[in-house]
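These notes concern the structure reproduced below.
What follows draws every value from the coordinates through simple rules; no lab data is involved. Every value quoted in this text rests on a predicted model; they were computed, and no experiment measured them. In this analysis, Cβ positions are derived from the backbone assuming ideal geometry, glycine residues included, and neighbour counts consider all displayed protein chains.
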Amino acid sequence: MDQIKTRTTTSATGGPTTWRLGYLRVCEKEARKLLNDSQYEHVLYLFDDLARSDDPRRSETQDVRAIEDFYELRDKGGILGKINLRVYFAVFDNVRVILALSCHKKENEGKTPGYIKAKVRNRMRYAKELLSQEYGGR
Amino acid sequence: MQVKDKQSTDAHNAFSPQDYSRAQLAMATLMDRIASLSQEAANDFLAVAKELLTNCDSKEKFEEITETIREILFPGETGGIVYVESEEHTTPSNLGKMMNHVGGELKKIRTRAGLTQEQLSQKSGIPQSHICRLEKGQHSPSHKTLQRLAQALRITVGELNPCYE
């Protein structure tokens, strides 16, 4: 793959990112199936941006909406072409982690289907367990 | 009618006693797994199972729902967490070119409008540091960011990024 630029991740003040950014492997698999390399990297930039913010739930630069106790990052057009993208993520304040849980292409502007919410809820429960093991029950 | 009966008999005979034993074992394992789910997971399991049985109108949805059921029953199969470490990411050339283009256009239009980055930040609500990174081609902007900048500069989003035209 032809690559021309190296991306560094720093906060608005030049220091390290405010939040640790991660994703579930299954989410990456979904994203890779849906997006090409440029589009995938674009989405990483969007999440980088959230990781720099004080509160990723209320971003000035990203379209973030709350769904139950997780969140949805929306983007469309530009490098994404006709893809109307939805990435579901969770914010774990206790360990300062933002975790991408699921990636979808929105087919219409309706509400998030129940089965997708159930899937994200389930992944969130699982992620909580993993983080609890990693951070020693914090 | 005779043909149909024969087909039915053949289908019946296609399963050996071993197949039935395996199926029974699989069912027992599955029932055991369902019984061990937390209340929340069990509720989600029932909700998606109901959706599968009553409201599944496409192959894509069927696959999505069955995958969700599998994940609920066996969450470990969703894999672990991967953290995005800094400084080790590279930008594919298409995206890099687009970022440079948007950055160049933004700077050109902003200076033509006689605005500093700080003034554009105040007008658009986009942090100055973010505008700075965009102009340097160090960030790939979201649609929301481009909309806010375009509105503040009284231009179209397409003037900043032709991909939106």
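Annotation note: of B:Leu106, B:Leu53, the sole residue that is among the hydrophobic types (A, V, I, L, M, F, W, C), surrounded by fewer than 18 Cβ atoms within 10 Å (Cβ to Cβ) and more than 8 Å from chain A (Cβ to nearest Cβ) is B:Leu53. Within the stretch A:37-62, the set of residues being facing chain B (nearest Cβ under 8 Å), of a type in the set (Asp, Glu) and either in contact with a strand residue (DSSP E or B) (Cβ under 9 Å, 6 or more places away or on another chain) or buried (at least 19 other Cβ atoms within 10 Å of the Cβ) (or both) comprises A:Asp37, A:Glu41, A:Asp48, A:Asp49. Report, by residue number, each residue of the stretch B:75-124 that is of a type in the set (Ser, Thr, Tyr) and within 30 Å of A:Tyr135 (Cα to Cα). Within the stretch B:75-124, B:Thr78, B:Tyr83, B:Ser86, B:Thr90 qualify. Is there a residue in the stretch A:109-118 that is in a helix (DSSP H, G or I), buried (at least 17 other Cβ atoms within 10 Å of the Cβ), in contact (Cβ under 8 Å) with a residue 60 or more places away in the chain and hydrophobic (A, V, I, L, M, F, W, C)? No, that holds for no residue.
If you check B:Glu64, B:Glu71 for being facing chain A (nearest Cβ under 7 Å), part of a helix (DSSP H, G or I), more than 25 Å from A:Glu134 (Cβ to Cβ) and under 20 Å from the mean Cα position of the chain (by Cα), only one passes: B:Glu64.
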